[in-house]
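Before any comments, here is the structure.
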Amino acid sequence: MKRGELYRVYKGSTEDQKKSRAFVVVSRQVLIDSRFSTVICAPVYSIHDGLSTQVEVGIAEGLKHASSIHCDELVSIPKSKLTDYLGSLSDAKLKLLDSALKAALELSSALTA
């Protein structure tokens, strides 16, 4: 599992696609590789409002249609739930994700250097 990878997470059974949502892993890699059982993720929605806390994604990232990562809605998800791999973000999209996370958490660039 790597930072920037997208996974489909099922709320119920894997047969019911409507009870699932795509998430992108946003935790730092050292946490992902650790013994901790959860990672921080951002949900992916089909709606894009043009906010600085959103990153547009789509087919290039393994999704079925144009979507948006919403960094204002971070959640902790057990690693064991992240099994249905969809794709990953390019380096350029990871930089956009970093900017969106900084905006969502009101972090200055000096704090994250």
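The values are calculated or read from the model by the stated rules, or taken from the named source; none is laboratory data. Given the structure is predicted, the values throughout are model-derived calculations rather than measurements. FYI the Cβ positions are ideal-geometry reconstructions off the backbone, even for glycines, and counts take in every protein chain you see.
Just a few scattered comments:
- Test result for Lys64, of a type in the set (Lys, Arg), without any contact (Cβ under 8 Å) to a residue 60 or more places away in the chain and farther than 16 Å from Tyr10 by Cα: yes
- Restricting the range 65-75 to residues that are in contact with a strand residue (DSSP E or B) (Cβ under 9 Å, 6 or more places away or on another chain) and not hydroxyl-bearing (Ser, Thr, Tyr) leaves a set whose member that is surrounded by the most Cβ atoms within 10 Å (Cβ to Cβ) is Ile69.
- The set of residues in the range 32-62 that are among the polar types (S, T, N, Q), in a strand (DSSP E or B) and more than 11 Å from the chain's Cα centre (by Cα) contains only Thr38.
- For Asp72, the stated conditions do not hold, so it cannot be described as part of a loop (DSSP other than H, G, I, E, B), of a type in the set (Asp, Glu) and either over 12 Å from Arg8 (Cα atoms) or at pLDDT 95 or above (or both).
- Answer from Lys93, Lys11, Lys19 - the residue that is in contact (Cβ under 8 Å) with a residue 24 or more places away in the chain, more than 15 Å from Met1 (Cα to Cα) and of a type outside the set (Ser, Thr, Tyr): Lys93
- Residue match in the range 18-27 (condition: of a type in the set (Lys, Arg), crowded, with 16+ Cβ neighbours inside 10 Å and part of a helix (DSSP H, G or I)): no
- Pairs with Cβ under 8 Å, 6+ apart, first in the range 28-49 and within 18 Å of Leu86 (Cβ to Cβ), second among the hydroxyl-bearing types (Ser, Thr, Tyr) and not in a strand (DSSP E or B): Val39/Ser27; Ile40/Ser27; Cys41/Ser27
- Every listed requirement among (1) modelled with pLDDT under 95; (2) touching a strand residue (DSSP E or B) at 6+ places or on another chain (Cβ under 6 Å) is met by Gly87 save one, (1).
- Matching residues, the range 75-98, being closer than 13 Å to Phe23 by Cα and assigned to a helix (DSSP H, G or I): Lys79, Lys81, Leu97
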